[in-house]
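Bear in mind these aren't lab numbers, they're just calculated from the coordinates by the rules spelled out. On a predicted model such as this, the values are computed, not experimentally measured, just so you know. No Cβ is skipped: glycine too gets one built from the backbone with ideal geometry, and neighbour counts run over all protein chains shown.
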Amino acid sequence: MSKYPHLEQPLDLGFTTIRNRFLMGSIHTNLEETDKNSEKRAAFYGERARGGVGLIVTGGVSPNFVGGVKPFAEAMNAKSTAKKHKIITDNVHKEGGKIVMQILHAGRYAYSPWAVAPSLTKSPISPFRAWPLLDFFVRDTINDYGKAAALAQEAGYDGVEIMGSEGYLINQFLALHTNKRTDKWGGSFENRMRFPLEIVRAVRKYCGNNFIIVYRISLIDLINDGSTWDEVVLLAKELQKAGVNIINSGIGWHEARIPTIATSVPRAAFVPLTARLKKELSIPIVASNRINTPEVAEKIVANGEADMISMARPFLADPDFVNKAFADKSDEINTCIACNQACLDFTFKNKISTCLVNPRAGHETELNFPPTSNKKKIAVVGAGPAGLAFATHAAERGHQVSLFDAEAQIGGQFNLAKLIPGKEEFYETLRYFSKRIEITGVNLQLNKRVTAEDLKDFDEVVLATGIVPRKLGVEGASHPKVLSYLDVLKGKAQVGKKVAVIGAGGIGFDVAEFITHEGESTALNPQEWMKEWGVQENYSVMGGIKGIKPVVHPSPREVTMFQRTAGKVGAKLGKTTGWIHRATLAKKKVKMIDGVEYIKIDDMGLHYKDKDKKEQVLACDHIIVCAGQLSLKDLQEPLVALGKKVHIIGGADVAAELDARRAIEQASKLAATI
């Protein structure tokens with residue numbers, strides 16, 4: 001009997017059937033702008049269809065020129081564009097899947113000088129002011145949606161998803177936050193929802209009844225002047241009447257100061273909203289956001305909280321997610337850890353989106369692991385992320401691989417990351433690699449500190465030996481008050497009540513979060529997490545947050561973070577998650593000081609010069625040093641002296657900023673070519 005019978009059940013829409021209850025949510029990969037012939041997108045979506053996904057939603061495509069997320073972004077407004085998409089739809093259909101094109105008008109989120117919106121406004125995430133749409137341009141825009149859908153139909157798409165959430169144009173018409181109009185497109189909610197309803201009617205008129213219309217509704221805006229719950233319900237009911245086949249869930253505007261998909265957000269945190277709306281509708285509704293395992297997904301559908309499950313990043317992490325689940329191999333799934341480092345961060349840097357744990361995502365035509373015709377005996381030293389990725393990919397190709405580590409468990413720095421409150425998902429990556437080692441036949445030898453002599457019989461050696469913490473080069477660096485972040489995270493050091501953290505990179509922030517939390521992480525408790533971020537329990541106020549004060553659990557310690565560089569503390573943290581870390585520590589009243597020069601450490605505490613060059617002393621119990629790392633590659637020279645071919649990857653290669661994404665990508669590329 002299947003472990004996931006509800007997920008395996010086909011979804012009958014009357015005129016067409018979706019083979020299971022998995023929907024791949026839209027994610028903009030930047031292939032939309034860089035893949036001129038759509039071949040890379042065809043490979044990307046085709047692989048997910050081959051992996052078993054029932055319904056795929058593409059990255060957003062604008063209905064007209066001004067609606068693009070950035071200048072010259074792809075718009076479905078010409079037959080020549082539709083023709084380019086045919087290879088995408090053919091590839092998905094060949095694999096038994098269905099695919100809909102998301103129509104997304106960015107509105108004031110457009111990163112361009114011709115951005116438009118319901119009213120004169122400027123988004124906090126774009127430098128450009130948006131111009132108000134005149135009435136006849138509103139009508140033209142509605143018609144553009146209909147024409148774009150018709151072109152999508154011509155391109156072979158099974159339907160379209162109308163993007164009505166996340167703060168894009170349709171959402172901007174719905175919310176008083178951005179809609180200040182006094183004509184028939186503004187004022188009452190009945191007027192404000194006219195825009196999305198007319199769009200749905202236009203799409204149905206252009207495309208007929210046998211065409212899937214998915215509408216992505218904003219279940220909760222998470223901004224002060226967003227929609228109320230009653231307005232969300234009214235809109236959903238009217239959308240159903242207008243001809244929508246499926247309601248997909250969107251959570252929060254991009255400018256909202258509440259995280260929605262980061263790893264610190266509890267799994268399925270917003271599913272109660274979906275369950276609540278489902279009771280009001282007769283058409284299928286899709287649950288989304290931080291659902292990353294088949295067990296969680298099955299429970300949601302089995303409990304009647306949703307009809308389908310939307311996952312976007314989990315299908316970046318593992319395109320075979322569905323097939324593995326249905327084959328009772330869920331322990332082989334490469335789980336999304338919601339880090340955002342290579343997907344959303346890359347999107348906002350105009351890079352092709354990929355995945356920290358699967359660098360092949362978005363690069364299916366370039367990075368592959370074919371069987372080798374020249375089998376080698378390879379030693380890998382270090383079982384951190386880089387060593388694990390290389391060893392398992394190389395063994396998968398047919399090489400004889402031995403993986404050595406001096407520690408008693410695999411994982412390297414991931415064993416520290418998993419201890420940080422809100423980063424519990426890192427356990428999943430270690431579970432995945434443990435299974436991969438078993439499947440690929442890697443000879444794993446733990447508690448084994450090797451010498452060059454131990455490796456003399458191998459054809460090639462890969463050093464993934466990682467890093468050692470950089471010592472603080474100031475007077476008093478060996479004072480008893482000084483602690484290494486390694487000892488703190490591993491529980492080898494007791495930390496006092498008043499603490500200085502030296503270094504405000506990723507490790508500094510992790511350590512600060514570690515020592516300012518007590519008890520269970522709120523990432524494991526959705527109710528406590530909602531209180532912590534000020535989200536109302538019954539969602540009745542505007543945007544779900546207006547007038548709600550966060551409930552903060554005070555830090556057990558008084559913590560001050562120091563940064564040598566002048567400017568925003570933690571400026572180099574992830575583009576889409578750095579603000580979350582800063583906000584979390586601000587709630588714990590962590591003080592952050594930039595532009596400092598360290599003088600000495602003594603019984604009084606930490607002596608330093610502030611940005612004005614004035615000498616200061618912070619009296620504290622302990623100083624935790626998170627001041628960078630040095631590469632550890634002691635074996636390189638003796639191995640070269642033995643005539644061995646040596647490859648250096650991961651932190652052993654570049655330790656300036658610990659970067660698991662770069663380490664896994666570098667290791668994977670080496671494994672593909674060795």
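For the reader, a short list of remarks on this structure follows.
- For the chain, share of DSSP beta bridges that run antiparallel, in % to the nearest 5: 20
- Karplus-based coupling profile of the range 329-335, in residue order and whole Hz: 10, 5, 6, 9, 6, 7, 6, with θ = phi - 60° in 6.51 cos²θ - 1.76 cosθ + 1.60 and x standing for Gly or Pro.
- 15 Å beta-carbon shell around residue 644, net charge (K/R +1, D/E -1): -2
- Which listed pairs, of 633/669; 575/613; 377/435; 498/588, have C-alpha distances above 24 Å, in listed order: 575/613
- Close amide-amide hydrogen proximity is noted between residue 647 and 461, 462, 463, each under 5 Å apart and 5 or more residues distant or on a separate chain (H modeled in the peptide plane; Pro and chain starts excluded).
- Each label was represented as a point 7 Å from its Cα along the Cα-to-Cβ direction; for residue 180 and residue 90 these points are 5.1 nm apart.
- Subtracting the Cα-Cα distance of residue 571 and residue 225 from 0.36 nm times their residue separation leaves 121.6 nm of extension gain.
- Residue 406-residue 478 pseudo-label distance in nm [points 7 Å out on the Cα-to-Cβ vector]: 2.0
- Order of 311, 592 under a 10 Å beta carbon neighbour criterion, fewest first: 592, 311
- Efficiency of FRET from Cβ geometry, residue 438 and residue 609, R₀ 60 Å, rounded to 0.05: 0.65
- Pairs spanning more than 24 Å between alpha-carbon atoms, out of 568/589; 481/568; 423/587: 481/568.
- Lysines with Cα under 20 Å of residue 241, excluding same-chain neighbours fewer than 8 positions away: 205, 278, 279
- Residue 254 paired with residue 551, simple spin-label distance in nm, labels 7 Å along Cα-to-beta-carbon: 3.3
- Likely footprinting exposure, 296, 322, 442, fewest C-beta neighbours within 10 Å first: 296, 442, 322
- For 416, 151, the sequence from fewest to most other C-beta atoms within 10 Å is 416, 151.
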